[in-house]
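Shown next, in structure tokens, is the structure this report addresses.
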Amino acid sequence: MGIIYEDAVLIKEAERADEHTVITINCPDKTGLGCDLCRIILLFGLSIARGDVSTDGKWCYLVFWVAGKPATKWSLLKKRLLDVCPRCIPSASGIFYFIPEFQQPKEPEIFLLKFWCLYDRKGLLHDVTEVLYDLELTIRRVKVYTAPDGRVMDLFFITDTRELLQTSKRRDETIKCLKLVIGDAMMSCEIEPAAAEVASCLQSYLPSSIFENIFTQPHLEQQSTSDSASIMFDNSLSPSHNLVQIFCQDHKGLIYDIMRTLKDYNIQISYGRFFSNSKGNCEMDLFIMQADGKKIVDSHKRNTLCSRLQAELAHPIKVDVVSRGPDTELLVANPVELSGRGRPLVFYDITLALNILNISIFSVEIARHRVEDREFEVYRILLDEGDCFSATRNEIKECVKKKLMGWE
């Protein structure tokens with residue numbers, strides 16, 4: 001079985017504002033492919049309104065109806081989707097055939113972006129984050145320091161989707177774009193490969209007080225979201241598959257969250273349909289099996305998977321605003337895939353929400369933290385209270401959460 005390579009991903013752009021763009025993927029299958037594709041769609045700021053997935057275990061066919069920004073770079077999106085599809089090789093006829101891959105993808109090289117500014121301003125971090133997003137540079141960690149004289153030093157540990165940051169042309173392009181958005185306030189800007197020990201520093205110790213605030217205290221809004229979600233397993237409809245039916249409140253990245261969970265449990269979707277309606281609800285039917293092609297018959301495994309899905313629907317991203325001495329700290333934690341990748345655009349959405357609230361950031365720390373068998377990316381953002389807040393702590397929390405969840 002084979003297809004022309006450029007036809008593995010087809011994108012039919014919407015002709016009218018009230019229509020959806022249709023993305024069709026027809027390629028060899030692999031466990032977790034749906035998660036990888038949905039992550040890229042989320043990274044490009046698109047929301048999936050409807051989807052149809054089917055596979056015979058070797059070849060898959062996926063269709064996504066998406067809505068998003070008019071300025072979406074569709075040709076670049078197609079290239080990124082092709083990048084995660086299993087590779088094929090050409091035959092003499094020009095048809096491409098599947099070659100299994102057994103090597104794990106290499107860890108991307110980490111670079112240190114460092115710049116000094118004469119002074120800080122509201123929205124500076126969001127502007128910088130937007131530039132890095134447009135350049136396809138992924139933020140792995142951030143440290144922001146404000147000196148007593150008002151000068152600011154920002155350290156961004158980043159990776160490059162294009163894998164070109166080791167070239168002077170790519171570094172110069174990045175610095176030029178940053179200078180345009182920062183302006184005369186920029187004193188210096190450097191990009192260099194990060195030291196070898198930096199990767200290990202991405203995992204850090206989280207104080208017990210922070211752990212209790214964001215991981216153990218119940219949140220009323222999270223409970224209400226969980227209560228509105230329904231997950232049902234049906235083992236009688238198919239002799240070879242489990243049917244999982246989900247009805248829940250829609251949120252940005254919902255399909256990615258579910259696909260990520262199934263990928264982490266090494267579960268394959270043989271057939272699935274999902275759609276969201278105008279009332280903000282999502283319905284989903286998934287026929288699943290284990291990666292070995294067997295049905296899940298162990299009740300403990302089914303219950304564990306169901307509990308994990310319920311938890312992801314209840315609080316895919318944890319948000320809290322707490323006191324750190326006399327100061328106010330915003331805490332955000334999102335789960336990391338077993339592959340080591342965190343949810344995209346989290347820091348972008350956080351800075352956008354704070355920018356809307358006209359709140360400045362004094363310092364930022366982003367690091368990985370493990371809770372039992374799960375790893376989280378934890379954002380600790382110390383807010384600048386110099387001008388006093390125009391919003392209460394609860395309003396800050398709600399605004400950040402709504403932006404992260406896409407509840408505009």
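Scan region 70-88 and tell me whether some residue there is in contact with a strand residue (DSSP E or B) (Cβ under 6 Å, 6 or more places away or on another chain) and modelled with pLDDT under 85. Reasoning before the result, please.
Restricting attention to region 70-88, the residues satisfying the condition of being in contact with a strand residue (DSSP E or B) (Cβ under 6 Å, 6 or more places away or on another chain) are 74, 78, 81-82, 85-86, 88.
Applying the additional criterion that residues be modelled with pLDDT under 85 yields 88.
Yes.
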Got a number for residues in region 138-194 being under 27 Å from the mean Cα position of the chain (by Cα) and either assigned by TED's automatic domain parsing to the domain that holds residue 349 or of a type in the set (Gly, Ala, Ser) (or both)? 1
Residue, nearest to residue 41 (Cα to Cα), within region 133-169, restricted to residues that are among the basic types (Lys, Arg) and in contact (Cβ under 8 Å) with a residue 60 or more places away in the chain: 140
Could you please tell me which pairs satisfy a Cβ distance under 7 Å, a separation of 6+ or placement on different chains, a first residue in region 311-333 that is farther than 19 Å from residue 344 by Cα, and a second residue that is outside any strand (DSSP E or B) and acidic (Asp, Glu)? 327/385; 328/385
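Tell me, yes or no, whether region 283-300 has at least one residue that is closer than 14 Å to residue 249 by Cβ and surrounded by 14 or more Cβ atoms within 10 Å (Cβ to Cβ). First the steps, then the outcome.
The first filter runs over region 283-300 and keeps only residues closer than 14 Å to residue 249 by Cβ, leaving 283-284.
With surrounded by 14 or more Cβ atoms within 10 Å (Cβ to Cβ) added as a condition, the list becomes 283-284.
Checked against the condition, which is being closer than 14 Å to residue 249 by Cβ and surrounded by 14 or more Cβ atoms within 10 Å (Cβ to Cβ), region 283-300 yields at least one hit.
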Within region 399-407, identify whether any single residue is at pLDDT 85 or above and touching a strand residue (DSSP E or B) at 6+ places or on another chain (Cβ under 6 Å), and answer yes or no. yes
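Applying the selection to region 344-360, what residues are touching a residue at least 60 places away in the same chain (Cβ under 8 Å) and buried (at least 22 other Cβ atoms within 10 Å of the Cβ)? Quick ask: steps written out before the conclusion?
As a first pass, look at region 344-360 and keep what is touching a residue at least 60 places away in the same chain (Cβ under 8 Å): 344-345, 347-348, 351-352, 354-355, 358-360.
Across region 344-360, the qualifying residues are 347, 351, 354, 359.
The values are calculated or read from the model by the stated rules, or taken from the named source; none is laboratory data. All values reported here derive from a predicted model rather than from experimental measurement. All Cβ positions, glycine included, derive from the backbone under ideal geometry; neighbour counts span all protein chains shown.
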